[in-house]
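Novice: Take a look at the following structure, please.
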Amino acid sequence: QVLLQLGYAVEVVGFQFGAELYAMPPAGIQVTAIPGKPYPQFFGAAKTLLNHLNGDILYAVKPKPTSFGMGLIRRWQTGKPVLLDMDDWELSWCGGDDWHYQVAPKQLYRDLFKPNGQLREPDHVQYVKWLENWTHKADGITIDTQFLHDRFGGVYVPNGKDTDLFDPSKYDAVAARAKYGLSDYRVLMFPGAPRPHKGVEDVLEALQQINEPDLKLVIIGGSPYDDYDEKLQQRYGEWMIKIPRLPVEEMPHVVMAAHVVVVPQRDSLTARAQFPLKLSDGMAMSKPVISTNVGDIPEILADTGYIVEPGSPAQIASTIQYIFQHWNEAVEKGERSRQRCIQHYGVKSMGQGIQQVLDQVTTKAKPTTIAVQAG
């Protein structure tokens with residue numbers, strides 16, 4: 001979307017593993033999805049994808065073989081520059097630098113030749129680890145946290161928000177709560193997919209401690225990765241409401257239904273490397289935001305939100321109670337957080353960083369098309 005606003009034509013090209021795309025792409029962006037396959041069938045799929053990478057610039061999302069790896073091969077074929085965007089640290093999901101593939105002859109044979117062998121997965125952790133050593137080969141890198149900058153360098157581009165779309169003046173909170181069946185509740189909202197490092201369970205524990213039936217945590221979409229949200233539902237069902245996955249154009253309306261947005265990241269390698277996208281959801285919509293002292297979060301929110309220590313349901317509980325007891329203060333913080341989002345984490349700020357990287361690789365006439373390789 002930012003590239004479109006900068007005047008470029010954009011096509012998203014990538015492999016699709018599974019029945020459907022993980023994210024619903026915004027309207028007006030062409031998406032070419034090539035069926036993903038394990039090795040060795042992957043080589044045929046890769047040839048098909050390479051023939052669709054026709055942009056003047058290739059912009060790979062994540063340092064994976066299916067994205068950055070394809071970009072490097074296409075650059076070798078055509079000479080077109082390859083940019084790399086890193087919005088988290090892939091190895092953090094499996095232990096970071098401590099992860100090592102345990103080489104044992106029998107296990108290696110199974111992983112390479114059995115139908116479900118791990119090393120037949122195109123984006124196996126070992127391949128990603130190798131490819132991370134090649135990130136310096138990119139013609140430009142964009143990152144969104146200090147953690148990633150310290151590790152890989154690159155130009156800072158925040159995981160920001162279209163603050164014209166996410167504009168609370170265009171929506172009505174009472175009507176939004178009525179639409180989603182939330183009129184009877186004080187709504188805490190996590191507008192994303194719950195995973196253990198995101199700390200949603202800490203909010204549910206806090207609600208259990210407070211024990212006020214009109215307080216509910218609303219989760220949007222559920223987890224596409226596993227059954228974690230179903231386990232939360234089984235344990236904390238009385239405090240939790242799930243709303244199905246929604247297209248990006250509808251997200252501002254559903255976030256408007258929240259009284260408070262909660263982004264309770266736990267302290268982990270994964271969380272420290274991420275810019276939590278849901279922070280800017282709440283900030284852009286002028287919502288009071290509760291988050292945790294992890295990674296860049298305190299700097300992002302500054303004094304416009306409420307920061308608690310990670311993994312502390314008791315602090316979350318007391319902060320929830322404080323907010324509703326001092327509602328005017330919370331509303332004022334929410335209004336200031338929107339202004340901070342517009343200034344530092346909106347589309348304009350994202351565009352400045354991306355244009356800086358594009359300028360590094362476009363010394364002649366301005367290119368017209370950018371192929372974004374989804375990872």
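Novice: Give me the net charge of Leu119's neighbourhood, meaning all other residues with Cβ under 13 Å from the Cβ of Leu119; Lys, Arg count +1, Asp, Glu -1.
Specialist: +1
Novice: Can I ask one more? Under a point-charge model restricted to the Cβ atoms of Lys and Arg (+1) and Asp and Glu (-1), what is the dipole moment magnitude of the chain relative to its Cα centre, in debye to the nearest 20?
Specialist: 1160
Novice: OK, next. Once you charge only the Cβ atoms, +1 for Lys and Arg and -1 for Asp and Glu, what is the size of the charge dipole of region 229-375 about its Cα centre, to the nearest 20 debye?
Specialist: I would put it at about 360 debye.
Novice: Moving to a separate point now. Return one number: the angle in degrees, 0 to 90 and rounded to the nearest 10, between the long axis of the Cα atoms of helix 327-344 and the longest principal axis of the Cα atoms of the chain.
Specialist: It is inclined by approximately 20 degrees.
Novice: Ok, one more. Hey, if you put +1 on the Cβ of every Lys and Arg and -1 on every Asp and Glu Cβ in the chain, which of Thr78, Pro115, Gly153 ends up farthest toward the positive end of that dipole?
Specialist: Farthest towards the positive end: Thr78.
Novice: How many angstrom lie between the Cα centre of region 209-276 and the Cα centre of region 55-109?
Specialist: Comparing the Cα centres of region 209-276 and region 55-109, I get a distance of 30 Å.
Novice: Net charge within 15 Å of Ile141 by Cβ-Cβ distance, Lys/Arg positive one each and Asp/Glu negative one each, not counting Ile141 itself?
Specialist: -4
Novice: Which whole-percent values make up P(r) of the chain when all C-alpha to C-alpha distances are grouped in 20 Å steps starting at zero?
Specialist: Percent of Cα pairs in each bin: 27, 56, 17, 0.
Novice: On a C-alpha basis, how far is the centre of region 131-199 from the centre of region 304-338 in Å? Whole number, if you could?
Specialist: Going from one Cα centre to the other spans 19 Å.
Novice: Based on the alpha-carbon set only, what is the convex hull volume of region 64-200 divided per residue, in Å³?
Specialist: 212
Novice: Any idea what the alpha-carbon Rg over 2.2 N^0.38 Å comes to for region 222-375?
Specialist: For region 222-375, the normalised Cα radius of gyration comes out at 1.22.
Novice: Going by amide H atoms built from the backbone, whose H comes under 5 Å of the H on Leu84, apart from near neighbours?
Specialist: Residues meeting the amide H criterion: Ala60, Gly140, Ile141, Thr142.
Novice: What is the distance, in nm, between label points placed 7 Å from the Cα along the Cα-to-Cβ direction at Asp97 and at Arg336?
Specialist: With each label placed 7 Å out from Cα toward Cβ, I get 3.8 nm.
Novice: Here's another thing I want to ask about it. Using a 1.4 Å probe over the heavy atoms of the protein chains, calculate the carbon and sulfur portion of the accessible area of the chain as a whole percent.
Specialist: 51
Novice: A further question follows. HN-Hα J couplings of region 292-305 from phi, Karplus 6.51/-1.76/1.60, θ = phi - 60°, integer Hz, Gly and Pro as x?
Specialist: Ordered by residue, 3J(HN,Hα) equals 10, 7, 9, x, 7, 4, x, 6, 5, 6, 6, 9, 9, x Hz.
Novice: I want the local charge near Val82. Using Cβ-Cβ distances under 9 Å, sum +1 for each Lys or Arg and -1 for each Asp or Glu among the other residues.
Specialist: Within the 9 Å Cβ shell, the charges total +3.
Novice: Would you mind getting the accessible area per residue of region 1-109, heavy atoms of the protein chains only, 1.4 Å probe, in Å²?
Specialist: That works out to 51 Å² for each residue.
Novice: Looking at Ile241, Ser349, Leu58, which one has the Cα that reaches farthest to the positive end of the dipole of the chain (charges on Cβ: Lys, Arg +1; Asp, Glu -1)?
Specialist: Leu58
Novice: Quick one: which residues, 5+ away or cross-chain, put their amide H under 5 Å from the amide H of Val13? H built at 1.01 Å from N.
Specialist: Result for Val13 returns Thr32, Val372, Gln373, Ala374.
Novice: Under 5 Å between amide H atoms, partner at least 5 residues away or on a different chain: which partners does Arg245 have, H built in plane at 1.01 Å?
Specialist: Gly221
Novice: For region 199-343, what does the accessible surface come to per residue with a 1.4 Å probe? Please give it in Å².
Specialist: Details: 5610 Å² over 145 residues.
Spelled out: the 1.4 Å probe surface of region 199-343, per residue, equals 39 Å².
The values are calculated or read from the model by the stated rules, or taken from the named source; none is laboratory data. Given the structure is predicted, the values throughout are model-derived calculations rather than measurements. Positions of Cβ are generated from backbone atoms using ideal geometry, with glycine treated the same way; all protein chains shown enter the neighbour counts. When the accessible area is computed, the model is the full protein with side chains, heavy atoms only, and any ligands, DNA or RNA have been set aside. Shrake-Rupley method; radii C 1.70, N 1.55, O 1.52, S 1.80 Å.
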